[in-house]
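A.B. asks: I'd like to ask some things about the structure below.
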């Protein structure tokens, strides 16, 4: 059943062979463990970054506080003004890095910030409450986004007109708002949208 090796030279060779195989197995196991630890670390870093980005896209958005329009003498709305604040749990939001998607009765455009004023391709901001006119730096900050509807639509908004606004922050978080012009603008200077 068992074969005994009585020759001393042969016994040593079997022991060295076993030792070499054992060392090779240990080396292979160590390399495999190193690769697994490296991969696990990379995946953990990647998942943390993805989680932070996903969280920012959900929480770092604005909330619309109010919206109003300036009524012209011929009963049309020429400027749309949307006052926003930080949503609960949001970080500082820089509106100069935001975009506003405008979908109106005649035009669909993506508006960007312009410091000099609102026009057909840009919006402007004005401070209502807080430290600045561009950054919502606290929960109490309020900023009005000013859009020139007569330039965007090539005509002021008439009675009963609806405009869909989507405000997207620098984090990629979006807030949608429907601005609806009332059915009657007669004898009014400003209307709630």
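The values are calculated or read from the model by the stated rules, or taken from the named source; none is laboratory data. Keep in mind that this is a model prediction, so the values were computed, not measured. Cβ placement follows ideal geometry from the backbone for every residue including glycine, while neighbour counts extend to all protein chains displayed.
Let's see how each residue does on (1) modelled with pLDDT of 95 or more; (2) surrounded by fewer than 15 Cβ atoms within 10 Å (Cβ to Cβ):
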{"site": "50", "(1), (2)": "no, yes"}
{"site": "54", "(1), (2)": "no, yes"}
{"site": "58", "(1), (2)": "no, yes"}
{"site": "74", "(1), (2)": "no, yes"}
{"site": "80", "(1), (2)": "yes, no"}
{"site": "83", "(1), (2)": "yes, no"}
{"site": "86", "(1), (2)": "no, no"}
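A.B. asks: Among the residues that make up the range 148-155, is at least one of them assigned by TED's automatic domain parsing to the domain that holds residue 119, in a strand (DSSP E or B) and either modelled with pLDDT of 95 or more or surrounded by 19 or more Cβ atoms within 10 Å (Cβ to Cβ) (or both)?
C.D. replies: yes
A.B. asks: Ok, one more. Within the range 130-147, can one find any residue that is farther than 29 Å from residue 90 by Cα, loosely packed, with under 15 Cβ neighbours inside 10 Å and in contact with a strand residue (DSSP E or B) (Cβ under 8 Å, 6 or more places away or on another chain)?
C.D. replies: Within the range 130-147, none of the residues are farther than 29 Å from residue 90 by Cα, loosely packed, with under 15 Cβ neighbours inside 10 Å and in contact with a strand residue (DSSP E or B) (Cβ under 8 Å, 6 or more places away or on another chain).
A.B. asks: Do we have residue 97 as touching a residue at least 12 places away in the same chain (Cβ under 8 Å) and surrounded by 10 or more Cβ atoms within 10 Å (Cβ to Cβ) here?
C.D. replies: Answer is yes for this residue.
A.B. asks: Turning to a different aspect of this structure: Select from the range 78-109 the residues that are farther than 11 Å from residue 123 by Cα, assigned to a loop (DSSP other than H, G, I, E, B) and touching a strand residue (DSSP E or B) at 6+ places or on another chain (Cβ under 9 Å) and list them in ascending order.
C.D. replies: Hits for the range 78-109 are 87, 88, 90, 92, 104, 105.
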